[in-house]
1. Once label points are set 7 Å from the Cα along Cα→Cβ at both Asp111 and Lys5, what is their separation, rounded to one decimal in nm?
2. Could you pull out the pairs from Lys85/Lys144; Lys70/Lys100; Lys110/Lys141 whose alpha carbons sit more than 19 Å apart here?
3. Over the alpha-carbon set of the stretch 45-183, divide Rg by the Kirkwood Rh and report the Rg/Rh ratio to two decimals.
4. Only Lys, Arg, Asp and Glu count, each charged at its Cβ (+1, +1, -1, -1), so figure out the dipole size of the stretch 45-183 about its Cα centre, rounded to 20 debye.
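Every read-out reported here was derived from the displayed coordinates using simple, explicitly stated rules and does not represent laboratory data. No experiment lies behind these values; they were computed from the predicted model shown. So basically every Cβ, Gly included, is an ideal-geometry build from the backbone, and we count neighbours across all protein chains shown.
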Amino acid sequence: MSYLKRRNLILLLALLLAVALVVTITVRYRAVSEIAEVIEALPSEVELALQDVDYMHSEAGLARWRLEAKRAERLVTEGQLAVEKIALTFYDEQGAPQTKVHADEGDADKDFSEIHLRGNVQVESERGYHLSAEQLVYRQKERKIFSDSQVVFDIGDLTVSGDGLILDLDAQTMTVYDHVEAVLPIAETKKDR
């Protein structure tokens, strides 16, 4: 085989490998919004299950929240997406992580405007607080988290518990409604001897 033929064959193989690599990367790392479009395009009677879901919601080019789940299934009869082992990360107006929420399971409507979380729900803030509840609801339009269940809020030595909650992500305020109890240990002062 002559030098030119061998070189052309090597160049052709390299080009084919590069094209195969680009196609593989493109297919594997499709935008999550395209996944939502694929789900929407499927006939309504088709059940769909996805593993290791990672969905990022952004506004004006900045991340606002991110949903990660071990498994997601489209529930045909309810028109919702059911998720297992869910993690939500909320971002502030500059796109920096602000609050993280973990739960055993949940569900979301088709445009992710309302996300329900259930089972061992844990909320952790970059500001150092921790919140536990059995269920929470996130509403995108209001950027607020709601709960009708019992909640326990911890920050440092302060523990606040009660029934019902509104957590405003933009204002960084929290309201606990009924049966509110706050516990703050008071340290004893040392006596001079």
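1. So the two model labels end up 6.3 nm from each other.
2. Over 19 Å apart, Cα to Cα: Lys85/Lys144.
3. So for the stretch 45-183, dividing Rg by the Kirkwood Rh gives 0.98.
4. Charge dipole of the stretch 45-183: 300 debye, to the nearest 20.
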